[in-house]
1. Tell me which residues, restricted to the stretch 101-110, are in a helix (DSSP H, G or I), surrounded by 14 or more Cβ atoms within 10 Å (Cβ to Cβ) and out of contact with any strand residue (DSSP E or B) (no Cβ under 7 Å at 6 or more places or on another chain).
2. Among the candidates LEU51, LEU58, which residue alone is touching a residue at least 40 places away in the same chain (Cβ under 8 Å) and touching a Gly at 6+ places or on another chain (Cβ under 7 Å)?
3. Can you tell me which residue is nearest to the chain's Cα centre (by Cα) among those in the stretch 1-32 that are closer than 16 Å to PRO85 by Cα and small (Gly, Ala, Ser)?
4. Does ALA275 count as among the aliphatic types (A, V, I, L, M) and either at pLDDT below 75 or over 14 Å from CYS199 (Cβ atoms) (or both)?
5. With touching a Phe, Trp or Tyr at 6+ places or on another chain (Cβ under 6 Å) and touching a residue at least 40 places away in the same chain (Cβ under 8 Å) as the only criterion, which of VAL112, VAL68 stands out?
6. Assigned to a helix (DSSP H, G or I) and either buried (at least 16 other Cβ atoms within 10 Å of the Cβ) or at pLDDT 90 or above (or both) - does that describe any residue in the stretch 158-170?
7. Among strands (runs of 3 or more DSSP E) lying entirely in the stretch 1-100, which contain 1 or more residues that are among the hydroxyl-bearing types (Ser, Thr, Tyr) and surrounded by 14 or more Cβ atoms within 10 Å (Cβ to Cβ)?
Amino acid sequence: MSFTLSSGSAFSDNLLLADSPPAAQKGIGCYLLWINLHMDVKAARGAERMLTDLRGSLHYSGKFVAEVFPERAALIRSFFSHGIPNTPQLCATLSRSTIEEIERTRDSTQDVSFDLKLSGLVVPDLAKIDPGSSNQPEVVNDTLKLNISQTEWIKFLKTWQYQEILLLEVPLGTSNETSATSYLKTAHDLFLKGHWESCVSECRKALENLRIGINPTAKLNELLANRKKNSADERALVLLLATVDICSPASHADENAESIVWRRNDAEIVLHYTAASVRRLLAR
């Protein structure tokens with residue numbers, strides 16, 4: 001792709017190089033995405049020129065995501081005898097709502113793909129221009145495809161400290177408690193990667209490792225039969241046991257389990273309930 005002038009010649013060829021990938025940084029109340037642009041500036045034809053006001057916008061699934069600006073303002077020159085490669089670093093500032101929208105719609109099996117729309121103003125070098133020249137400033141545009149692999153995107157979410165699921169802090173204690181929290185953290189990672197069934201299965205393991213010392217099904221039936229008399233703790237236990245029951249098909253490959261398709265909302269509910277139940281019991 002390139003910044004093409006009205007004459008048909010290119011001011012520069014523009015590339016996003018694989019060996020210079022984007023990077024994430026946590027900002028103050030925002031998420032920063034740094035993009036390394038490689039510009040192969042061509043030798044000038046006619047008057048020597050320079051590119052000013054380089055800027056752009058980032059789009060996801062056809063929707064505007066963020067403005068993009070260079071880290072610092074720069075004049076990118078094209079000389080008669082030769083072109084000079086330039087590597088401006090661009091920054092997109094993403095909001096939490098933007099990340100939430102991407103997370104709601106992205107396919108967890110594919111790259112996260114953005115359109116990077118760039119623009120700039122190419123002007124003659126006023127210090128060298130022939131007074132009789134007809135060269136005029138020109139607005140140039142280009143669109144590049146920015147692909148971020150699923151693995152890298154998950155790393156970006158962690159760098160940004162973005163948590164779509166509020167995973168409550170769980171105190172670590174005995175070996176059994178550590179196993180429960182370990183399973184819970186694994187479930188959270190699986191959720192971010194889009195592995196819904198595996199997330200639910202890990203949540204069940206987390207609850208089972210609390211070792212509450214009762215038969216889950218029998219106790220749940222007992223509590224439901226006497227629900228009007230249940231204390232606050234007993235009502236919380238109903239939630240825990242019901243969550244174990246919800247998770248069961250994800251851990252057992254029976255005929256019924258094969259007919260269940262776990263979706264994002266299912267895993268989200270189970271993860272919330274599991275985190276809350278684990279924290280309640282371990283904090284006592």
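1. GLU101, GLU103
2. Sole residue among the options that is touching a residue at least 40 places away in the same chain (Cβ under 8 Å) and touching a Gly at 6+ places or on another chain (Cβ under 7 Å): LEU51.
3. Top of the filtered list is SER20.
4. Answer is no for this residue.
5. VAL112
6. Let us first name the residues in the stretch 158-170 that are assigned to a helix (DSSP H, G or I), namely 158-159.
Remaining after also requiring either buried (at least 16 other Cβ atoms within 10 Å of the Cβ) or at pLDDT 90 or above (or both): 159.
Yes, because at least one residue in the stretch 158-170 is assigned to a helix (DSSP H, G or I) and either buried (at least 16 other Cβ atoms within 10 Å of the Cβ) or at pLDDT 90 or above (or both).
7. Output list reads 2-4, 10-15, 31-36, 49-60, 76-78, 89-94.
One line per residue, one yes/no per condition, for (1) assigned by TED's automatic domain parsing to the domain that holds ASN36; (2) modelled with pLDDT of 85 or more:
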position: VAL122; (1), (2): yes, yes
position: ASP130; (1), (2): yes, no
position: SER133; (1), (2): yes, no
position: THR186; (1), (2): no, yes
position: LYS193; (1), (2): no, no
position: GLU197; (1), (2): no, yes
position: ARG211; (1), (2): no, no
position: ASN215; (1), (2): no, no
position: LEU223; (1), (2): no, no
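The values are calculated or read from the model by the stated rules, or taken from the named source; none is laboratory data. A quick note: this is a predicted structure, and the numbers were derived from the prediction, not measured. Because the Cβ atoms are built from the backbone with ideal geometry, glycine has one as well, and the counts that use them run over all protein chains shown.
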